[in-house]
1. Tell me which of Tyr10, Ile39, Asn123 sits at the most positive position along the dipole axis of the chain, charges placed on C-beta atoms (Lys, Arg +1; Asp, Glu -1).
2. Between Asn113 and Ser32, what is the label-point separation in nm under the 7 Å Cα-to-beta-carbon projection?
3. Total Lys pairs in the chain closer than 22 Å by alpha-carbon, pairs eight or more apart in sequence or interchain only?
4. May I ask you to evaluate 6.51 cos²θ - 1.76 cosθ + 1.60, the Karplus curve with θ = phi - 60°, for each residue of the stretch 63-75 and list the ³J(HN,Hα) values in order in whole Hz, giving x for glycine and proline?
5. If you filter the stretch 67-129 for trypsin sites (Lys or Arg not before Pro), then keep DSSP loop positions with at most 15 other Cβ within 10 Å, what is left?
6. How big, in percent, is the set of alpha carbon pairs in the stretch 112-172 lying more than 18 Å apart?
7. Normalised by the number of residues in the chain, what is the relative contact order in percent for Cα pairs under 8 Å and 6+ residues apart?
8. Kirkwood hydrodynamic radius (Cα pairs, Å) of the chain?
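Please treat every number below as a calculation from the coordinates, not as lab data. Since we're looking at a predicted model, the values are computed, not measured. Because the Cβ atoms are built from the backbone with ideal geometry, glycine has one as well, and the counts that use them run over all protein chains shown.
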Amino acid sequence: DIAAGNGLIYTAFEEGLLEYDNAANETSVWTSVNGLSDINLSCLYFDNSQNALYIGYENGNFDKLINNSVINIPAIKLASVPGSKRINKIVPYNNYIYLATGFSIVKIDPIKNEVRDTYYPTNGNEPIIDVAFKNDSIFALTSSKLYKGNSSNFALADPNQWSVDNRLALQT
């Protein structure tokens, strides 16, 4: 993956992260040896409001790189859930960070660096590839379906609060 912000460009590799400062024409490498919490990076997102880079990993680990320091948020990695914990996408919305994972959507508070909620549109049976928001709706994309919920619904952890948008279901 690749992300950019604050004059820096970040590129994720399996074993680490390359940071390129365009103005200074300098590069830095971040790995588990010098600050990252893990290996096997899966996605990146740069938050311009905090000047922070968010890093998702294959095993569900999650880092926040801010002011040349790494803050680890290991809740997904440590969770007792079956199947993949891979972080597939990092999406900001209404002052929160949403993670599309192999089992659910995880809502992160970027100020407190903690998990605020977990939503299960597929009841944990199918990986969430991406998350999007439009008007008052939250959308969860899987490999075959698009799920929709009301973004202000406090019960989104319940799979029954989600509906499948059949207009966009893939034709097989």
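1. The residue sitting farthest along the positive end of the dipole is Asn123.
2. Rounded to a tenth, the inter-label distance reads 2.0 nm.
3. The result is 23.
4. 10, 10, 9, 9, 6, 6, 10, 9, 10, 9, 10, x, 4
5. Sites meeting the loop and neighbour criteria: Lys112.
6. Of the Cα pairs, 32 percent sit more than 18 Å apart.
7. 11 percent
8. Its Kirkwood hydrodynamic radius stands at 16.6 Å.
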